[in-house]
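The values are calculated or read from the model by the stated rules, or taken from the named source; none is laboratory data. Since the structure is predicted, the reported quantities are computational estimates derived from the model, not experimental observations. Heads up, the Cβs are rebuilt from the backbone with ideal geometry, glycines too, and the neighbour counts pull from every protein chain shown. Quick note on the areas: whole protein, heavy atoms, side chains included, nothing else; ligands and nucleic acids left out. Shrake-Rupley method; radii C 1.70, N 1.55, O 1.52, S 1.80 Å.
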Amino acid sequence: MSDHKDYSSILNKARRRRRRGSWNIKLLLMIGGAVLALALIIFAGFQISRAVSGRAENGQEAPAATPADAVPAQDVEIDEEEQAARELEEAAQKVVDSYENLGIVQVSGYLNIRREPSLDGDIIGKLSGDGACEILETDGDWSHITSGGVDGYISNQYLLTGDEAREKAKSLVKRRAIITADSLNIRQEPVMDPSNVIGQALENERYVVLGEEDGWIQIEGGYISADYADVEYALDEGRKMDLKAQAINQYDNLVISKVNNYLNVRQEPSQDGKIIGKMTSKAAGEILETLDGWYKIKSGPITGYISADPQYTATGQEAIDLAMQSADLKAIIRTDVLNVRTEPNTDAKIWTQIVKDERYSVVAQLDGWVQIELDSVDAEDGSETDKAYISTRDNNVEVRYALNEAIKFSPDEIAASNAASLRSRIVNYALQFVGNPYVWGGTSLTNGVDCSGFTMKVLQNFGVSLPHYSGSQAQMGKGIKSSEMRPGDLIFYAGSNGRVNHVAMYIGNGQVVHAASRKSGIKISTWNYRSPVAIRNVLGD
């Protein structure tokens with residue numbers, strides 16, 4: 001019996017615990033229902049209060065607020081962002097679709113574009129990491145590509161292609177300024193001031209647009225004129241190699257003249273060898289052969305021998321460093337005769353002509369035109385001479401960085417007869433000042449002269465008196481034809497108004513020596529590098 005009582009007691013206790021649990025659940029449900037009802041009453045009161053407040057403020061019945069009427073500002077911003085994202089996505093797809101066979105470069109820095117499919121091929125450009133190209137053909141380890149106006153070869157090792165490239169490219173499309181001029185100044189501020197030019201952008205180069213304002217485009221590091229760039233969604237593409245470096249890469253074994261004026265080029269490797277040319281200061285040549293104390297070189301039209309003394313010549317890294325300092329943007333004439341105009345348009349007046357193979361320093365590049373440095377002023381009042389513009393539209397001019405090279409010169413031809421001894425001495429005296437500076441109004445053959453000051457001081461040393469103005473010197477002596485001119489005669493050139501504004505001294509062999517400009521100093525040129533207007537014999541023989 002005791003066992004049965006214990007079991008019943010335990011069972012009854014369990015039943016009582018279940019009943020108490022049931023009542024606890026019911027109590028919790030009742031409390032929760034009351035709280036929910038109270039919350040609904042408060043919410044309804046709040047909505048009624050808003051409606052009444054709206055009627056009181058506006059004097060009319062305000063519509064009851066509904067969830068559809070309330071559009072948070074954040075949602076509007078999200079919509080605008082989504083719209084911009086869709087537009088960018090569509091633009092990116094359009095850009096990607098413009099490539100028939102897209103390639104994307106996968107390097108941390110940049111990839112060289114070479115002229116030939118070989119590691120020995122000349123480097124003609126570079127493609128930055130994530131840059132795009134059009135693959136024209138693939139052959140082994142190399143792809144023939146075009147990118148940013150550069151046509152060449154890149155290694156396949158670093159090239160993403162196919163669907164992977166197209167998918168990757170979509171995230172790389174940005175608004176970029178694509179340069180349309182041959183060369184465009186990058187300025188520190190959006191102001192046309194020569195003093196704020198900090199760099200150059202070249203044709204087909206692409207720059208991410210940071211902003212646009214009043215005819216200017218802001219790019220990383222400065223501003224460019226909007227007149228010479230197209231702004232559009234685009235991928236980055238290749239750039240031509242640094243043009244100074246490209247000028248130097250034309251030489252396999254570079255040598256640079258280190259003398260202050262001219263280094264003689266001789267026909268034989270001997271101090272007694274006939275002089276056949278001269279290399280200006282910092283002029284470049286290709287070493288063909290090294291002999292005992294001499295280099296056989298080719299420089300411009302001259303092949304001959306120059307001293308290998310390191311006092312006069314530089315090779316290796318020293319030559320490269322000097323070349324990088326002296327490489328200059330030049331306009332190289334590729335036609336027999338080219339018109340020079342006073343303004344960059346074909347309606348402007350032709351005021352002189354220049355001849356083939358002459359190299360002129362570039363002052364500025366415009367769309368289809370280039371302004372060159374012809375000569376500095378020699379007017380009595382020092383006023384500005386005509387600006388000189390030549391057209392680049394017909395491929396008559398090559399504009400590139402270049403180094404000076406040797407020029408033909410043979411003093412033996414000048415002193416061919418005893419009768420020419422005075423003229424030979426005059427010319428040899430004048431030539432020792434080649435390389436010295438040009439200074440307007442100057443009369444020092446060592447510290448600086450202008451063109452008429454140069455001829456005046458040279459001839460003064462031989463007892464010939466001339467005024468210090470080219471226009472007045474053109475009235476001295478007697479006029480002669482070009483077929484009659486001899487070393488020591490003076491050749492005159494005029495501005496667009498027909499007035500003489502420059503003078504040079506004939507040295508024989510179709511050449512003149514003259515104080516050319518502030519940039520060039522005293523130099524040797526072809527006698528008709530500009531169209532002469534007069535030739536005068538001032539020596540009286």
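Below are the figures for this structure:
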| read-out | value |
| --- | --- |
| Long-range tail of P(r) for region 428-485 (Cα pairs > 12 Å, %) | 67 percent |
| For region 223-264, average projected area of the Cα convex hull in nm² | 6.6 nm² |
| Loop-located GluC sites (Glu not before Pro) in region 184-239 whose Cβ has at most 13 other Cβ within 10 Å (DSSP) | 220 |
| Overall dimensions of region 81-134 by Cα: Rg and Dmax, Å | 15.5, 50 |
| Across 168/240; 126/298; 126/278, pairs whose alpha-carbon gap is larger than 26 Å | 126/298; 126/278 |
| Probe 1.4 Å, accessible area per residue of region 427-504, Å² | 40 Å² |
| Calculated FRET value between residue 347 and residue 288, using beta carbons and R₀ = 60 Å, to 0.05 | 0.80 |
| Average accessible area per residue (Å²) across region 78-209 - probe 1.4 Å, nucleic acids and ligands excluded | 56 Å² |
| Where labels lie 7 Å past Cα in the beta-carbon direction, separation of residue 298 and residue 395 in nm | 2.3 nm |
| Carbon + sulfur, % of accessible area of region 156-292 - ligands and nucleic acids excluded, 1.4 Å | 40 percent |
| Proportion of all alpha-carbon pairs of region 395-541 beyond 22 Å (%) | 36 percent |
| Region 480-541 - Debye-derived log10 I(q)/I(0), Cα point model, q = 0.12, 0.16, 0.20, 0.30 Å⁻¹ | -0.27, -0.48, -0.74, -1.38 |
| 5 angstrom amide H check on residue 401, placed H, neighbours 5+ away | 330 |
| Extended-chain gain in nm, criterion 0.36 nm per residue less alpha-carbon gap, residue 98 and residue 363 | 91.7 nm |
| When each of 244/356; 282/523; 244/408 is checked by Cα-Cα distance, pairs over 20 Å | 244/356; 244/408 |
| Per residue, the convex hull volume that the Cα atoms of region 233-385 enclose (Å³) | 190 Å³ |
| ³J(HN,Hα), Karplus 6.51/-1.76/1.60, whole Hz, each residue of region 434-449, x for Gly, Pro | 4, x, 6, x, 8, 9, 4, x, x, 10, 9, 5, 9, 9, x, 9 |
| Region 429-527: chymotrypsin sites (Phe, Trp or Tyr not before Pro) falling in loop per DSSP and having at most 10 other Cβ within 10 Å | none |
| Eligible lysines near residue 387 by straight Cα distance, threshold 18 Å, same-chain separation 8 or greater | 330, 349, 519 |
